[in-house]
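Read through the structure below, which is laid out as C-alpha cells, and then see the notes.
The values are calculated or read from the model by the stated rules, or taken from the named source; none is laboratory data. This structure is a prediction, so every number in the text was calculated from the model and none was measured. Neighbour counts run over all protein chains shown; Cβ positions are idealised from the backbone, glycine included.
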Amino acid sequence: MKLTENLLRTIIKEEIDEMCGADPMQSMDMDHEHEDDHEDDHEGSMAKRQMFKTYEYAADVYNMIEEGDEFPAWIQSKMTKIADYIGAVKHYLEYDHIMGERQLTNTESDEKEKLAKKYKPAMDSFKDQYGEEGESVYYATMTKKAKQGEKA
C-alpha cells in the first residue's frame, strides 16, 4: 500500500481528534471531578495511550513505505521531527527522569555536542558492547563528560 496524501491526512486527523478529545475512549474517567492537586492525574496512562497509538501509526507507515519511494520535503521533515522527538522522550525517560539528573546548562549542552563529535569513532565500540542501546549509552556518556567539565 502506498502512502498517499489523503491517507496521510486521515492519519493526522485521527491523531488530532484523539489528542483533542474527539475520541470518546480518550478519557479514563470523564465523570470524575478532578481537584487542582495532581493526585488524580492520569499522565502515565495518557502517555502510554499516546505512545501505543504512535507505535501503531509508525508500524503502519513503515509497512507502507517501499524501498524506492520518494516523498515531498515536508513529509521527510515530519519524519525527521518524529524521530527526533521520540528519541528525546526516550532519552529523558532512560536517564534524566529515572536518574533524577539535572538538565545540562547551555554551555554544557554545547560541549556535549562537541564531545560527541570528538569521540564519534568510539560509537561503534559502544554499539558492539551494548547492542541496540549503544547509541543511547554513548550519548549518556557524553552528557556525563560535559557535566564533569571535560572539554572537547
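Please indicate, with yes or no, whether at least one residue in segment 54-66 is outside any helix (DSSP H, G or I), more than 14 Å from the chain's Cα centre (by Cα) and modelled with pLDDT of 90 or more. Yes. Among the residues of segment 67-91, those that are in a helix (DSSP H, G or I) and loosely packed, with under 13 Cβ neighbours inside 10 Å comprise A73, W74, Q76, S77, T80, K81, A83, D84, Y85, A88, K90.
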